[in-house]
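**Student:** The structure is given below, and queries will be raised subsequently.
The values are calculated or read from the model by the stated rules, or taken from the named source; none is laboratory data. If you're wondering where the values come from, they're calculated on a predicted model, not measured in any experiment. A quick note on method: Cβ atoms are made from the backbone with ideal geometry, for glycine too, and the neighbour counts reach across all protein chains shown. Note: accessible area is taken over every heavy atom of the protein model, side chains too, but ligands, DNA and RNA are not part of it. Shrake-Rupley method; radii C 1.70, N 1.55, O 1.52, S 1.80 Å.
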Amino acid sequence: MSLVALGLCLAVFPAKAQTIYDAAQLMDKDLNGTARFVAMGGAMSALGGDISTMGTNPAGIGIYRSHDFATSFGFSSYGTESNYMGNKMNVDKMHGSFDNLGFVFSSKIGNLTALRFVNFGFNYHKAKSFFGNMEMGGGLGLLSQTYYMADQAYGITDWGNSAYTDINVGWLSALGYDGWLITDVTTDVTDTPLLEDGKQLTDVNGNLLYRTPGAYVGLYDNGNASYRSEQRGGIEQYDFNVAFNIKDRVYLGLTLGVYSVDYNKYTIYGEDYGGGEYYTLTSNNQIVGSGFDIKMGAIIRPFEYSPLRIGLAVHTPTFYSLDYRTRAYVESSVYDPVTGQNEPASVATEDIVYGDMIREFRLRTPWTYNVSLGYTVGNSLAIGAEYEYQDYSSMEFRGPEGYSDDFNIENSYTPMLKGVNTFRVGLEYKVIPQFAFRAGYNYRSSLFDKDAYKDLPINSIQTDTDFTNAGSLSNYTLGIGYRGKLFYADLAYKYSVRKSDFYPFVNMLYTDDVLTEVTSPEVTKLTDTRSQVLFTVGMRF
């Protein structure tokens, strides 16, 4: 079996925790910022003149001819509907947020020089909210998460007293073994008979039992699964910008982005087999750390007497330095075919390793390429459109010392990610100079290949086996705004919807050391929605 070879390959490396699904959480960003920016679908990279554009096209700050200060607050309603084989569950939550705080300092150089303005800006905004809850449940048929535990345990012949600190042992297998959920008892007649007092033992169905050191099987199927998850935290983005206005025709900008990550995921998964036999596996995971990137942009007015603007921007990868923290707990009461009794068990990893297990790693996200158009009609109408591309399959895990070889196994799964296309369109119409209506649409294609799945390395400390293949994301936006001589206020509404496929675990079958089959329970269809109201107040002077 190839898992044995995999275990030998990983023996020289630290126990692993990260998967491409963890990376995808950190790379996928929200449409957020000032209310004006959100109301126009984020399609302001060529139009510029808004604090939030320093995060998409830094040259947009070069449009400014006065100082600006703004802050934004939001309120969101989150909803998740799951549908597993006709069993529907709905979870709704509400959450307030502080979304944006920024300023622009505009410095006029002169009217006759080629360089007209040099502007400086800073902006904080919530780049990603992880807030969300989900539930699902139903019959599994002939599948079980215990089979996954047994696969991960393959090749282990001596569990000893330190399985949770052994870099060659995965926590999922150790919890399965300690929770009486897997066993090395099998009915293969070529193996050593399992004897008690000189008599051959049988299971409840009369099958002869044998013991094969290092080969394990999950004990159960036909259970009813239940799953619940809570996610909290977010990614905070701090942008530091400088931008230049050259002859009111060419605008150039540079932004240094700094990121703070706090991602928390709590899951509880269980299987109930009736007759008082069940187990539950609880996982608490957290990713914390920081990162940085550099954004470069330009806006050009190709025709002197035309309001048409063309924007180009490139973002370097974000270089993250992160800690993965985890703890897990299993509680079970299942039938042991050897003793003929239900065996209750409870194991908490925090009692064994004295708190969270922590693993350091680095993550490099893909490059970002953005092209945009902006057009104005007098002082009453502004239209923006843009396209953005990121090749998510180029993301890369690295070890704490910066070596990608430490994560060869994890990086081998990046082809399950694909190129992501983002389209943004928006418009603003001023009924009178002081009042404006805005509308926009923002579309982001799926990150995942349709056949993507989550495979934990054989020595992973991660125990949450669930994964979600998120589909495309659509944002529909509306807004209004008021502009006075000094003070301004904007209000935006955003409705987001995304459909995804969820699986509580995946099982893999190897034949002659070759992966021949990947099976999962029936897909759980998810529909995630978010309604956000965003309010911005600011001053231009």
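**Student:** Mind listing just one residue for me: the one in the range 85-122 that is more than 23 Å from the chain's Cα centre (by Cα), among the aliphatic types (A, V, I, L, M) and open to solvent by 40 Å² or more (accessible area, probe 1.4 Å) and, of those, nearest to Pro521 (Cα to Cα)?
**Tutor:** Step one: filter the range 85-122 for residues more than 23 Å from the chain's Cα centre (by Cα), giving 85-88, 101-122.
With among the aliphatic types (A, V, I, L, M) added as a condition, the list becomes 85, 101, 104, 109, 112, 114-115, 118.
Going one step further and asking which of them are open to solvent by 40 Å² or more (accessible area, probe 1.4 Å), we end up with 85, 101, 109, 112, 114-115.
Values: Met85: 10, Leu101: 45, Ile109: 65, Leu112: 70, Ala114: 65, Leu115: 63 Å.
Result: Met85.
**Student:** Take the residues of the range 146-165 that are β-branched (Val, Ile, Thr) and in contact with a Phe, Trp or Tyr (Cβ under 9 Å, 6 or more places away or on another chain): which is nearest to Ser460 (Cα to Cα)?
**Tutor:** Step one: list which residues in the range 146-165 are β-branched (Val, Ile, Thr), which gives 146, 156-157, 165.
Among the residues that remain, those that are also in contact with a Phe, Trp or Tyr (Cβ under 9 Å, 6 or more places away or on another chain) are: 146, 156.
Working: Thr146: 16, Ile156: 14 Å.
Looking at residues that are β-branched (Val, Ile, Thr) and in contact with a Phe, Trp or Tyr (Cβ under 9 Å, 6 or more places away or on another chain), I get Ile156.
**Student:** Quick check on Leu6: is it open to solvent by 10 Å² or more (accessible area, probe 1.4 Å), at negative phi and at pLDDT 95 or above? Lay out the reasoning, then the answer.
**Tutor:** Working: open to solvent by 10 Å² or more (accessible area, probe 1.4 Å): yes; at negative phi: yes; at pLDDT 95 or above: no.
So Leu6 fails the test.
**Student:** Do you know which of the residues in the range 333-383 that are touching a residue at least 60 places away in the same chain (Cβ under 8 Å) and among the acidic types (Asp, Glu) is nearest to Leu427 (Cα to Cα)?
**Tutor:** Among residues in the range 333-383 that are touching a residue at least 60 places away in the same chain (Cβ under 8 Å) and among the acidic types (Asp, Glu), the one nearest to Leu427 (Cα to Cα) is Asp356.
**Student:** Right, next: How many residues does the range 333-350 contain that are open to solvent by less than 70 Å² (accessible area, probe 1.4 Å), at pLDDT 90 or above and part of a strand (DSSP E or B)?
**Tutor:** Of the residues in the range 333-350, 2 are open to solvent by less than 70 Å² (accessible area, probe 1.4 Å), at pLDDT 90 or above and part of a strand (DSSP E or B).
**Student:** State which residue is farthest from Gly538 (Cα to Cα) when the search covers only the range 95-109 and only residues that are in contact (Cβ under 8 Å) with a residue 24 or more places away in the chain and among the small types (Gly, Ala, Ser). Spell out the reasoning first.
**Tutor:** The initial filter retains those residues of the range 95-109 that are in contact (Cβ under 8 Å) with a residue 24 or more places away in the chain, namely 95, 97-106, 108.
Keeping just the survivors that are among the small types (Gly, Ala, Ser) gives 97, 102, 106.
Working: Ser97: 18, Gly102: 9, Ser106: 15 Å.
The extreme case among them is Ser97.
**Student:** Inside the range 242-257, can you point out the residues that are in contact with an Asp or Glu (Cβ under 8 Å, 6 or more places away or on another chain), in a strand (DSSP E or B) and open to solvent by 10 Å² or more (accessible area, probe 1.4 Å)?
**Tutor:** At the first step, the residues of the range 242-257 found to be in contact with an Asp or Glu (Cβ under 8 Å, 6 or more places away or on another chain) are 249, 255-257.
In the following step, the residues that additionally are in a strand (DSSP E or B) were identified as 255-257.
Across the range 242-257, the qualifying residue is only Leu256.
**Student:** Also, I was wondering about something else. Mind checking which pairs have a first residue in the range 524-538 that is under 20 Å from Ser52 (Cα atoms) and a second that is among the polar types (S, T, N, Q) and outside any strand (DSSP E or B), Cβ under 7 Å, 6 or more apart or different chains?
**Tutor:** These pairs meet every condition: Thr536/Thr34.
**Student:** OK, next. Take the conditions closer than 25 Å to Ser372 by Cα and open to solvent by 60 Å² or more (accessible area, probe 1.4 Å) and apply them to Phe487. Does it pass? Before the answer, list the steps.
**Tutor:** Numbers: closer than 25 Å to Ser372 by Cα: no; open to solvent by 60 Å² or more (accessible area, probe 1.4 Å): yes.
Judged against the criteria, Phe487 is not a match.
**Student:** Scan the range 123-162 residue by residue and report those that are open to solvent by less than 10 Å² (accessible area, probe 1.4 Å), more than 30 Å from Gly74 (Cβ to Cβ) and among the hydrophobic types (A, V, I, L, M, F, W, C).
**Tutor:** Met149, Ala150, Ala153 - these are the residues of the range 123-162 that are open to solvent by less than 10 Å² (accessible area, probe 1.4 Å), more than 30 Å from Gly74 (Cβ to Cβ) and among the hydrophobic types (A, V, I, L, M, F, W, C).
**Student:** Looking at (1) open to solvent by 60 Å² or more (accessible area, probe 1.4 Å); (2) over 30 Å from the mean Cα position of the chain (by Cα), which is the only condition Thr376 fails?
**Tutor:** Evaluating Thr376 over (1) open to solvent by 60 Å² or more (accessible area, probe 1.4 Å); (2) over 30 Å from the mean Cα position of the chain (by Cα) leaves (1) as the failure.
**Student:** With the condition kept exactly as written, say whether any residue in the range 34-41 is touching a residue at least 24 places away in the same chain (Cβ under 8 Å), more than 29 Å from the chain's Cα centre (by Cα) and buried (at least 22 other Cβ atoms within 10 Å of the Cβ).
**Tutor:** So far as the range 34-41 goes, no, none of its residues is touching a residue at least 24 places away in the same chain (Cβ under 8 Å), more than 29 Å from the chain's Cα centre (by Cα) and buried (at least 22 other Cβ atoms within 10 Å of the Cβ).
**Student:** Out of the residues in the range 358-373 that are in a strand (DSSP E or B), open to solvent by less than 40 Å² (accessible area, probe 1.4 Å) and not aromatic (Phe, Trp, Tyr), state the one that is nearest to Tyr441 (Cα to Cα).
**Tutor:** Quick first cut of the range 358-373, residues in a strand (DSSP E or B) only: 358-364, 368-373.
Subsequent filtering for residues that are open to solvent by less than 40 Å² (accessible area, probe 1.4 Å) retains 361, 363, 368, 370, 372.
Those left that are additionally not aromatic (Phe, Trp, Tyr): 363, 368, 370, 372.
Values: Leu363: 30, Thr368: 20, Asn370: 17, Ser372: 14 Å.
The selected residue is Ser372.
**Student:** Right, next: Check whether at least one residue in the range 257-264 is charged (D, E, K, R), within 30 Å of Ser346 (Cα to Cα) and modelled with pLDDT of 95 or more, and report yes or no.
**Tutor:** yes
**Student:** Here's a follow-up. For Asp323, all conditions in the list (1) without any contact (Cβ under 8 Å) to a residue 40 or more places away in the chain; (2) in a loop (DSSP other than H, G, I, E, B) hold save one; what is the number of the exception?
**Tutor:** Of (1) without any contact (Cβ under 8 Å) to a residue 40 or more places away in the chain; (2) in a loop (DSSP other than H, G, I, E, B), only one is false for Asp323: (2).
**Student:** Check Ser45, Ser76, Ser66, Ser82 and return the single one that is of a type outside the set (Phe, Trp, Tyr), open to solvent by less than 10 Å² (accessible area, probe 1.4 Å) and over 24 Å from Gly440 (Cα atoms).
**Tutor:** Selected residue: Ser82, the only one of Ser45, Ser76, Ser66, Ser82 that is of a type outside the set (Phe, Trp, Tyr), open to solvent by less than 10 Å² (accessible area, probe 1.4 Å) and over 24 Å from Gly440 (Cα atoms).
**Student:** Out of Tyr273, Tyr305, which single residue is aromatic (Phe, Trp, Tyr) and over 30 Å from Leu112 (Cβ atoms)?
**Tutor:** Of the residues listed, the single one that is aromatic (Phe, Trp, Tyr) and over 30 Å from Leu112 (Cβ atoms) is Tyr273.
Here is a yes/no grid of residues against (1) touching a residue at least 12 places away in the same chain (Cβ under 8 Å); (2) among the polar types (S, T, N, Q); (3) more than 27 Å from Arg362 (Cβ to Cβ); (4) surrounded by 15 or more Cβ atoms within 10 Å (Cβ to Cβ):
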residue	(1), (2), (3), (4)
Tyr403	no, no, no, no
Pro415	yes, no, no, no
Phe435	yes, no, yes, no
Lys454	yes, no, no, yes
Ile458	yes, no, no, yes
Asn469	yes, yes, no, yes
Ile480	yes, no, yes, yes
Pro504	yes, no, yes, yes
Leu509	no, no, yes, no
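**Student:** Moving on. Based on what the data block shows, is Ile300 touching a Lys or Arg at 6+ places or on another chain (Cβ under 8 Å), farther than 23 Å from Tyr164 by Cβ and open to solvent by 60 Å² or more (accessible area, probe 1.4 Å)? Working first, answer last.
**Tutor:** Working: touching a Lys or Arg at 6+ places or on another chain (Cβ under 8 Å): yes; farther than 23 Å from Tyr164 by Cβ: yes; open to solvent by 60 Å² or more (accessible area, probe 1.4 Å): yes.
Taking the combined requirement at face value, the residue satisfies it.
**Student:** Strands (runs of 3 or more DSSP E) wholly in the range 430-541 with at least 2 residues that are of a type in the set (Gly, Ala, Ser) - which ones?
**Tutor:** Details: elements: 435-444, 467-483, 487-503, 507-511, 514-519, 524-540.
Filter on the range 430-541 gives 435-444, 467-483, 487-503, 524-540.
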